[in-house]
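Structure record follows, encoded as structure tokens.
Each value in this text was obtained by applying a stated rule to the coordinates, not by laboratory testing. Please read all numbers here as calculations on a predicted model, not as lab measurements. Backbone-built Cβ (ideal geometry, glycine too); neighbour counts: all protein chains shown.
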């Protein structure tokens, strides 16, 4: 009897059943950027430890972050920080009950991606111009 009840239960839908949407993709990106921020925080802690350790250690870390790979890591960290922040703002707006209409949800998700990219490029452009 227990076997009959188990067989009649509906199966949970898998990701392959769902149609990809902007809100789904941005939700996954929000989680991924949260993980990236944890890893980036380790780099920030290493930079602070190098500063506290003296000029030699700080010089090595500064050299690494000045290489193309280091700059790419910093650029990615900046984008992850801004994307995660804008995703958090999007969720805060939803928590207040606004922006739940389908078109608004999609536009907010698009803005999260486009806005984080534009803000990252703007911050890096200003940083290089101020050098």
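Quick look at the values:
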quantity: Packing-based ranking, highest mean first, of 104-111, 118-125 given that Cβ atoms within 10 Å are counted; calculated: 104-111, 118-125
quantity: Diffusion constant of the chain at 4 °C, which comes from Stokes-Einstein with the Kirkwood Cα-pair radius and 1.567 mPa s, µm²/s; calculated: 72
quantity: Ordering of 26-35, 88-97 by packing [mean C-beta count within 10 Å, highest first]; calculated: 26-35, 88-97
quantity: Over the chain: helical MRE at 222 nm, DSSP H runs n ≥ 4 each giving -39500 (n - 2.57), nearest 500; calculated: -28500 deg cm²/dmol
